[in-house]
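Take a look at the structure set out below.
Please treat every number below as a calculation from the coordinates, not as lab data. The shown structure was predicted, so the numbers you read here are calculated from the model rather than taken from an experiment. Ideal geometry is used to build each Cβ from the backbone, glycine not excepted, and the neighbour counts take in all protein chains shown.
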Amino acid sequence: MKTEFIKKTLLSLNRVISKKAEHLSVLKLTLNLLIAGMFIIVTSCSKTTENKENVVAESIAQKIGARAEYIEVEPNVRLHVTDMGEGKPVVLIHGYPVSDACWEYQYNALLKEGYRVIGITLRGFGQSDKPYGKYNYDQFADDIKVVLDKLDIKDAVIGGHSMGGAIVLHYVAKYNSEHVSKMALFSAAAPCHTKKPDYPYPFFTKEDITQWVELNNNDRPALLAAIGERFTLSPTSLSPGIAAWLGGIEMQSSPYAMEQALIALRDEDLRGDLPKIKIPTLILHAIQDKIVAYALAEQMNKGIAGSKLVPFEKSGHASFVEEKDKFNEELIKFIKE
């Protein structure tokens with residue numbers, strides 16, 4: 001009797017356990033299905049969100065476009081280009097021996113006024129490529145033309161400082177103002193940087209610049225120090241930080257490019273370009289500039305029909321940083337005219 005009772009009890013327990021197990025299996029299966037469904041929904045939503053974000057990003061990229069920081073002007077030669085903002089384009093060409101980075105405080109001012117700023121670093125300087133080859137005004141002007149062609153620039157104001165001013169002058173004359181409608185010359189080393197028998201206005205003789213070429217090839221820091229002594233109105237015109245910043249930019253230049261550009265500064269004569277300028281021209285020049293004589297600015301003012309000369313009294317060759325507020329105000333006023 002006891003044995004029979006135990007058997008029946010065990011069978012009943014087995015049936016209960018089996019039923020519980022079935023319920024647990026069903027519950028486990030249901031939970032697994034719910035989890036799988038939730039994963040599918042979350043994944044689907046994630047993909048949908050990701051797709052929407054990609055579409056939005058692509059739409060923005062198509063409207064704005066990622067602007068090239070380097071533009072190839074010939075095989076294996078790329079120029080560094082700063083291209084920011086919208087609106088009327090303002091193209092800036094740096095002087096010797098810096099790069100487009102020197103326009104930092106002009107970029108800020110021009111962007112706030114709603115302009116598009118395009119700073120081109122000449123071959124051999126700054127972050128541009130530094131090939132062996134020509135470094136004369138023709139080559140530099142040709143490079144600018146390629147950049148403006150590729151960017152499809154129209155109705156720009158183009159400005160240049162020191163050697164960059166001479167290059168801008170030559171570009172406008174050579175290409176008949178293509179891509180540009182106004183020109184600005186800042187302490188421009190033009191039309192000649194050295195004295196000629198019939199042109200006494202520059203500070204330097206050819207022999208002076210030849211000595212700088214030799215110094216470049218034997219003690220480049222000494223050359224930069226010699227330029228630095230003349231660069232500003234006084235030793236305190238720039239803060240130590242700004243002076244060090246400009247010095248760092250100078251040392252990015254290729255020694256070969258610095259040599260060849262000095263030779264161009266020594267030998268080029270752009271007097272024949274002056275009567276070819278047919279667009280409004282602004283000339284900003286410091287009276288006490290010790291690198292490019294103010295007399296050259298006066299000669300350009302006479303030689304370029306309708307040009308306007310604005311003298312600076314509290315700066316030397318670096319008005320764009322020594323008197324940057326006045327510099328920016330005069331440039332922006334000229335752009336708006």
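Taking max minus min of the alpha-carbon positions on each principal axis, the stretch 171-330 gives extents of 42, 35, 31 Å, largest first. Neighbours of residue 122 by Cβ distance under 11 Å: Lys/Arg scored +1, Asp/Glu scored -1, total -1.
Taking 0.36 nm per residue of separation and subtracting the current Cα-Cα distance, fully stretching the chain between residue 227 and residue 70 would add 53.6 nm.
Based on the mean of other Cβ atoms within 10 Å per residue, sort peptides 304-316, 239-251 so the most packed one is first. Present the calculation step by step, with values, prior to reporting the outcome.
Details: 304-316: 17.1, 239-251: 13.9.
The peptides rank, most packed first, as 304-316, 239-251.
Looking at the stretch 69-173, the DSSP beta bridges with both ends there are about 45 percent antiparallel. In this structure, the pairs whose alpha-carbon distance is over 20 Å, taken from 134/174; 150/308; 112/324; 145/333, are 150/308; 145/333. Separation of the stretch 239-271 from the stretch 290-329 is 19 Å, based on Cα centroids.
With only Cα atoms counted, the stretch 286-337 has Rg and Dmax values of 11.4, 31 Å.
What does the charge add up to near residue 274, with Lys and Arg as +1, Asp and Glu as -1, over the other residues with Cβ less than 14 Å from its Cβ? Before the final figure, lay out the partial values.
On the way: positive: 174, 271, 276, 278, 302; negative: 268, 269, 273, 298.
With Lys, Arg at +1 and Asp, Glu at -1, the net is +1.
Restricting to Cα atoms and excluding each atom paired with itself, what does the Kirkwood estimate give for the stretch 112-256 in Å? Final number for the Kirkwood radius of the stretch 112-256 is 17.2 Å. Listed values for the stretch 202-210 are Karplus-derived 3J(HN,Hα) couplings in whole Hz (6.51 cos²θ - 1.76 cosθ + 1.60, θ = phi - 60°), namely x, 6, 9, 9, 4, 5, 4, 6, 4, and x replaces Gly and Pro.
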